[in-house]
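First the structure, in the form of structure tokens, and then the observations on it.
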Amino acid sequence: MTVPSGFSVEPVSPALGAEVHGVDLETAAADPALIAAIRKALLEHKVLFFRDQDISPRAHVEFARAFGELEVHPVFRRHPDHDELALLDRGSRRPANENIFHADTTWRERPSMGSILRCVECPPVGGDTIWANMALAHARLPERLKSICEGLYAMHDIAHSFGGDYTVEKRRELSREFPAQEHPVVAVHPETGEKILNVNQGFTTHFTNYTQKRERGIGADFAIEANKLMNYLFSQAAQPEFQVRLRWRPNTIAFWDNRATQHYAVQDYYPATRRMARVTVVGDRVRAVEGRRVEAAAS
């Protein structure tokens, strides 16, 4: 692969993240060599930052489409000319569902491959986003916990987060349209082969087969044990050693590999305004570590 002239990648954290230089994303979709170079950098660094990209909504969508099929988000407001372009704009109202570590759309059978987020307007200070490397989080788990987690599955539910402010009936309607999905707790990245810690506080509700191959104690103490493990796994994304933090400026773009990361939008800027635009690429079905599924014990 020939790297386009002027293209360079500068790591910004030991854990993940890099700034990409020498790129004009307004026209990038028409350059296959550039798209290939960006994909390679994304797989290596997991989140890429592009500064000073005053691109049109059409170019934003076309750039994302160069990496795969695009999804339309069922909750977020959409651009009037591009359904795939979600507008994350709440004005000066307090935002919700973002200041929690999560991977996007894990409530789908095929969660997102990645998202491309452009800053339209941001506070002069505050409103940063943090990403965590969930491959590194898995790698740093104690070996005993790695063995426990491989073979476990967990449920991911859109209503767990987005349904929080809905009425009971509207929440049920949301769940009927988007049924909860069961995914492996340890996923295998479809391109790199890395093992990924695949539970997140935004959408994961519970393990589905935690009682496999273990004796139950008194009453339901296995549920307490399972909850402790889930909370421990959730906490891994919050470790600073696994993170990179971006200070936004208008026309900054972040492109992250949703399969290998989680992110957290810091809500420290109220009542200032933060307006973003996001296009999301559809991903693959989540693959478990081969041969590691263990079925639940009979109740």
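Rg and Dmax over the alpha-carbon atoms of the stretch 123-243 stand at 16.5, 56 Å. Over the residues of the chain, the helix contribution to mean residue ellipticity at 222 nm works out to -6000 deg cm²/dmol, using -39500 (n - 2.57) for each DSSP H run of at least 4.
About the Cα centre of the chain, how large is the charge dipole given +1 on each Lys and Arg Cβ and -1 on each Asp and Glu Cβ? Please answer in debye to the nearest 20. All intermediate terms of the calculation are to be shown ahead of the outcome.
Values: 37 positive and 39 negative charges, 126 e Å.
For the chain, the charge dipole is close to 600 debye.
Cut-off is 10 Å between beta-carbons; in what order do Cys122, Cys149 appear when sorted fewest neighbours first? All intermediate terms of the calculation are to be shown ahead of the outcome.
On the way: Cys122 20, Cys149 23.
With the sparsest Cβ surroundings first, the list reads Cys122, Cys149.
Cβ neighbours within 10 Å, averaged per peptide: list 61-67, 127-133, 281-287 in order, most packed at the top. Please list the in-between numbers first.
Values: 61-67: 20.1, 127-133: 23.4, 281-287: 17.7.
Per-residue Cβ counts within 10 Å, averaged per peptide and sorted highest first, yield 127-133, 61-67, 281-287.
Exposure proxy for Tyr210, Tyr269: other Cβ atoms within 10 Å of each Cβ, ordered fewest to most, give Tyr269, Tyr210. The lysines whose alpha-carbon is closer than 20 Å to the alpha-carbon of Lys146, local same-chain residues fewer than 8 away aside, are Lys195, Lys213, Lys228.
Normalising the Debye intensity of the chain to I(0), with uniform scatterers on Cα atoms only, and taking log10 at q = 0.10, 0.12, 0.15 Å⁻¹ returns -0.56, -0.80, -1.22. Ranked by how many other Cβ atoms sit within 10 Å of their own Cβ, fewest first, the residues Asp157, Asp81, Asp104 fall in the order Asp81, Asp157, Asp104.
The value of relative contact order for the chain, using C-alpha pairs under 8 Å at least six residues apart, is 34 percent. When the alpha carbon gyration tensor of the stretch 36-170 is reduced to an equivalent ellipsoid, the three semi-axes, largest first, read 27, 22, 17 Å.
Would you please classify the overall shape of the stretch 130-170 from the alpha carbon gyration tensor, given that a ≥ b ≥ c denote the square roots of the eigenvalues, rounded means a/c under 1.5, and beyond that prolate means a/b larger than b/c while oblate covers the rest? Don't skip to the answer; put the middle values down first.
Working: a/c = 5.17, a/b = 2.12, b/c = 2.44.
Since a/c reaches 1.5 but b/c is at least a/b, the shape of the stretch 130-170 is classed as oblate.
Here, each number is a calculation from the coordinates, and none is a lab measurement. These figures come from a predicted structure and were not determined experimentally. Cβ sites come from the backbone with ideal geometry, for glycine too, and all protein chains shown count toward neighbours.
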